[in-house]
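Read the structure below first, then the notes.
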Amino acid sequence: MNIDLTHVDFVAVVCAGVATFMIGGAWYTFFAKTWQRAQGYSEERVKELQEQASPVKIFGTMIVCYLVIALVMAIIIEALAINTLQAGATLGLLVWLLVACVGLTSHVSRDVALSGYLIDTGYQLIYCVGTGSLLAVWG
């Protein structure tokens, strides 16, 4: 496969990455308490983690990863000549299946409630399908 970045719409990639970040903020705000319980975090532990955390490191890493995901999906969309909402959503679903399976292999060996995995993979489903859809129809 020849990767040609000249046909990638980088504005669409940035929009998809930023949209993913914003959706994540809303998603995890809504599910914050359930996710916290699923991880086994007490209120005290959450406050401790927040005090230790570097917002630049955490949110910067997230943004970079979402941009990379969007770029990779854009490259695949261009390589496969995907240009409809349905085809983009299908690609997003297939990418999500890959991500969900990788996440599940990690989850089964951890002492975390299933609800934590479902919250995380639910968000990943939304952004993978959304990113695939947006990038397919943008160009």
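Since every read-out is calculated from the coordinates, none of them should be taken as a lab result. Source: prediction; values computed, not measured. Reconstructed Cβ throughout: ideal geometry from the backbone, glycine too, with neighbour counts over all protein chains shown.
Within segment 29-40, the set of residues being assigned to a loop (DSSP other than H, G, I, E, B) and within 19 Å of the chain's Cα centre (by Cα) comprises Phe31 only.
Which residues, counting only those in segment 69-84, are closer than 18 Å to Ala19 by Cα and either free of Cβ contacts under 8 Å to residues at least 24 places away in the same chain or not in a helix (DSSP H, G or I) (or both)? Once the filter is applied, which keeps residues that are closer than 18 Å to Ala19 by Cα and either free of Cβ contacts under 8 Å to residues at least 24 places away in the same chain or not in a helix (DSSP H, G or I) (or both), segment 69-84 yields only Val72.
Consider segment 85-123 and keep the residues that are surrounded by 18 or more Cβ atoms within 10 Å (Cβ to Cβ) and under 15 Å from Ile23 (Cα atoms). The one that is farthest from the chain's Cα centre (by Cα) is Ile119. In segment 85-113, what residues are touching a residue at least 40 places away in the same chain (Cβ under 8 Å) and part of a helix (DSSP H, G or I)? Correct list: Leu85, Ala87, Gly88, Ala89, Thr90, Leu91, Gly92.
Among the conditions (1) surrounded by 15 or more Cβ atoms within 10 Å (Cβ to Cβ); (2) in contact with a helix residue (DSSP H, G or I) (Cβ under 7 Å, 6 or more places away or on another chain), the only one that Ile75 does not satisfy is (2).
Taken residue by residue, segment 8-16 has at least one member that is under 16 Å from Leu135 (Cα atoms), out of contact with any Leu (no Cβ under 7 Å at 6 or more places or on another chain) and loosely packed, with under 11 Cβ neighbours inside 10 Å.
May I ask you to list the residues in segment 3-28 that are outside any helix (DSSP H, G or I) and of a type in the set (Val, Ile, Thr)?
Ile3, Val8
For Thr131, are the conditions met, namely being within 10 Å of the chain's Cα centre (by Cα) and part of a helix (DSSP H, G or I)? Yes: the conditions hold for Thr131. Checked against (1) among the hydrophobic types (A, V, I, L, M, F, W, C); (2) free of Cβ contacts under 8 Å to residues at least 12 places away in the same chain; (3) closer than 17 Å to Leu125 by Cβ, Val64 meets all criteria but (3). The residue that is surrounded by the fewest Cβ atoms within 10 Å (Cβ to Cβ), among those in segment 17-59 that are more than 24 Å from Ser115 (Cα to Cα) and of a type in the set (Val, Ile, Thr), is Val56. Taking Gly60 as the residue in question, decide whether it is more than 19 Å from Gly130 (Cα to Cα), assigned to a helix (DSSP H, G or I) and among the small types (Gly, Ala, Ser). Against the criterion (more than 19 Å from Gly130 (Cα to Cα), assigned to a helix (DSSP H, G or I) and among the small types (Gly, Ala, Ser)), Gly60 qualifies.
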